[in-house]
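The values are calculated or read from the model by the stated rules, or taken from the named source; none is laboratory data. Note that the structure is predicted; figures quoted are calculated from it, not measured. Counting neighbours? That spans all protein chains shown, and the Cβs are built from the backbone with ideal geometry, glycine included.
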Amino acid sequence: MKICNLPAIRALFARGGGGGGGGGGEMLALLLLLSGCSDESSERAAYDPRKPIVLESFSPHEGGVGTQLIIRGENFGYDASKIRVRIANNENREARVISAKGNRIYAIVPARADTGHVTVTIGEGDEMQEASFEEEFLYEFKSNLSTLCGGSRLEDVDGSFKEAQFSRPMRLALDDENKILFVLESDNFKALRMVDLINQTVTTPWRGPGFNNVRTVSFGLTRDTLLIGVEGGGQNLSTIFLLRSDGFVRQKNYSVGSGSNASIVNPVDGELFVNNYYNGSVLRYDRESETSIELARPFKQNTDFSFCWSIDGKYLYALCIDSPGSHSAIMRMEYDFETKTLGEPAQWVGMDGQPGYQDGVGDETRINAPYQMCASQQGDYFLADTWNHCIRRIVDNKGQATVTTYAGVPNSPGYTEGDPLQAQLQFPTGIAISDDGTVLYVADKENNRIVKITVE
C-alpha cells in the first residue's frame, strides 16, 4: 500500500496537471510526487526485543464475552501470532488476538474471562517480554438458567426433550466430545438415562434392578467406560462397569470392597479408587492382586461420601453425602503418582458437623450435604450444594478455597428460570460442565428435570 501526498496531487490535477496541454513542468512534478509515494509495509516496525513493551491504556474497561479489547502502547509489532493477551493472568482464558498495528493490539475477550489484570506477552524464548496493566478489566458474566428436559411428571419416559421425563435424577457424567449427558436415577427405577444433546432425545440403555441403591457415576480414563457405584444388597457388589462398545447396556460387576458404594478413576493414570462406608476410608483397588488398599480416612465411621478429582489428577476431594447436619465438609488429599498413595486429608471447604450456608474462604464457609462436584478445564470447581438448594463455585489457590454462590436462592427451594442467582432449584444433586466451561448441567432432583446454565 502506498502513502502519497494526496492534497498536492489533487492541486496539480485541478490546474490541469493531469491534462495534455503544455503542462510539462507540472506533469514532471506530478511524476515526482507519485514516485515519492512510500510503501507502508516498509515503514512497519517489527517487534524489537531490545526495547521494552510500553502499555499505555486499554478500552473498554469492562465487558463480557466477545468484547473487542483495544490495547494501546508501543513496540507491539505487526505479527499477531507472536502476541498473547490474558485476562486475570489465567492461561486457560487467553483472549484471541485479531491484529496488531505497532502501537495497538485488537483482541477478543473470551468466555468466563473473570475480572483481573490484562497481561500482554510478545515474542518467544529469550526475546519474550511481558507486561501488565495496573488497572483491572471488569468481566461481565452473562448467564441463563433454563430447563433442558424433564420436569413435569415423576416417571421414566424416553423420547424427545419435550416428551422425556425423569424420576429424581441424582448424578451426572458428561461425554462432551460426543455430546452425550449420562443421568443416574437412584430412586424408584434405578436407571441410567442417556441424553443426546445433538439430537435432543432421551433413552434408557441400562436399568439396575435388585440394588439397594445406585450412588455415583463417572467415566473411566478414555470415556469408553462408565463406572457406577452401587449398594449391592445381597449381591455384595460395589462397582459396575458399562462399556461403550456394548452400548452401555451390559454390566460387568466388581466387588472391590465391603461397604464400598462410590468409585472413581484418576483422570491421568487410571487408578481406581473407592470408599468404605463403615470406617470412612478411601481405598485404591489394585487390579493385579484384586485387593483394596486403604490410603486415608477423611471421615468418621458410617459415613457416605463421593469423590471428585482435579483435572490434573493431583488432588482427590471427598464429599460427604450423608444426611444433612451430620457431615458438611469437603476434604482434600494430595496424590503421589509414584507411590500411588494419598496424603493426609485436609479441610478444604466447610466444617464437618457444622452445616449451613456461608460464602467465603476455606473452613469459614458453610455447605449442607454436598452431593456431587465437577472440575472445569479452566481450573474452577462447581458444587451441587443439595440441602442449600444452590450451586456453589469454588476457586482454589494453592489449597485455599474461595466459595461463592453461582446459582439458586439459598434455602429457598422451588422452580424458576432466568438469572441463575434468582432462579430456584430443589435439591440439586448432580452436576457436570462442558470442556469449554460455557455450559453447566444440573440434576434438579425434586423438580425431576435436567437444568442447563449457559455462561458467556
Test Phe307 against the stated conditions and say whether it is out of contact with any Pro (no Cβ under 8 Å at 6 or more places or on another chain), in a loop (DSSP other than H, G, I, E, B), of a type in the set (Phe, Trp, Tyr) and in the same structural domain as Glu231 (by TED's automatic domain parsing). no
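Do you know which residues across segment 394-409 are outside any strand (DSSP E or B) and of a type in the set (D, E, K, R)?
Lys398
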Residue check, Asp304 surrounded by 18 or more Cβ atoms within 10 Å (Cβ to Cβ) and touching a residue at least 60 places away in the same chain (Cβ under 8 Å): yes
How about segment 268-286: which of its residues are assigned to a loop (DSSP other than H, G, I, E, B) and either under 27 Å from the mean Cα position of the chain (by Cα) or of a type in the set (Gly, Ala, Ser) (or both)? Val268, Asp269, Gly270, Glu271, Gly280
Restricting to segment 355-365, name every residue that is at pLDDT below 95 and either of a type in the set (D, E, K, R) or closer than 19 Å to Arg297 by Cα (or both). Asp363, Glu364
Which of the residues that make up segment 53-73 are exposed (fewer than 15 other Cβ atoms within 10 Å of the Cβ) and more than 31 Å from the chain's Cα centre (by Cα)? Val54, Glu56
Kindly list, by first and then second residue, each pair from a residue in segment 320-348 that is within 19 Å of Asn302 (Cβ to Cβ) to a residue that is of a type in the set (Asp, Glu) and modelled with pLDDT of 95 or more, limited to pairs with Cβ atoms under 7 Å and residues at least 6 apart or on different chains. none
Segment 410-456, residues that are among the small types (Gly, Ala, Ser) and assigned to a loop (DSSP other than H, G, I, E, B): Ser412, Gly414, Ala423, Ser434, Gly437
For segment 127-156 the number of residues that are part of a loop (DSSP other than H, G, I, E, B) and more than 19 Å from Cys390 (Cα to Cα) is 6
Just to confirm my filter: which strands (runs of 3 or more DSSP E) fall fully inside segment 182-234 and include at least 3 residues that are touching a Pro at 6+ places or on another chain (Cβ under 9 Å) and either modelled with pLDDT of 80 or more or under 13 Å from Leu172 (Cβ atoms) (or both)? 191-196
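Rundown of residues vs (1) in contact with a helix residue (DSSP H, G or I) (Cβ under 9 Å, 6 or more places away or on another chain); (2) modelled with pLDDT under 85; (3) closer than 30 Å to Val395 by Cβ; (4) assigned to a loop (DSSP other than H, G, I, E, B), yes/no style:
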site	(1), (2), (3), (4)
Leu31	no, yes, no, no
Glu56	no, no, no, no
Val65	no, yes, yes, yes
Val85	no, no, yes, no
Asn89	no, yes, yes, yes
Ala113	no, yes, yes, yes
Thr119	no, no, yes, no
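Determine whether Val282 is among the β-branched types (Val, Ile, Thr), within 27 Å of Arg193 (Cα to Cα) and in the same structural domain as Tyr371 (by TED's automatic domain parsing).
no
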Qualifying residue in segment 372-381 (condition: crowded, with 24+ Cβ neighbours inside 10 Å, of a type in the set (Phe, Trp, Tyr) and at pLDDT 95 or above): yes
Identify all residues within segment 346-361 that are surrounded by 20 or more Cβ atoms within 10 Å (Cβ to Cβ) and part of a loop (DSSP other than H, G, I, E, B); write none if there are none. Pro355
Return a yes/no flag: does segment 259-267 have any residue that is buried (at least 16 other Cβ atoms within 10 Å of the Cβ), more than 23 Å from the chain's Cα centre (by Cα) and either assigned to a strand (DSSP E or B) or not assigned by TED's automatic domain parsing to the domain that holds Ser310 (or both). no
Starting from segment 405-431, take each residue that is crowded, with 19+ Cβ neighbours inside 10 Å and list its partners that are part of a loop (DSSP other than H, G, I, E, B) and charged (D, E, K, R), counting only C-beta distances under 7 angstrom and pairs at least six apart or across chains. Ala423/Glu417
Can you tell me which residue among Arg287, Arg297 is over 24 Å from Gly379 (Cβ atoms), in contact (Cβ under 8 Å) with a residue 40 or more places away in the chain and among the charged types (D, E, K, R)? Arg297
With respect to the numbered conditions (1) over 21 Å from Leu421 (Cβ atoms); (2) exposed (fewer than 15 other Cβ atoms within 10 Å of the Cβ); (3) in contact with a Lys or Arg (Cβ under 7 Å, 6 or more places away or on another chain), which one is the sole condition not fulfilled by Gly123? (2)
Being buried (at least 23 other Cβ atoms within 10 Å of the Cβ), under 21 Å from Leu383 (Cβ atoms) and out of contact with any Phe, Trp or Tyr (no Cβ under 8 Å at 6 or more places or on another chain) is the requirement here; does Ser328 meet it? yes
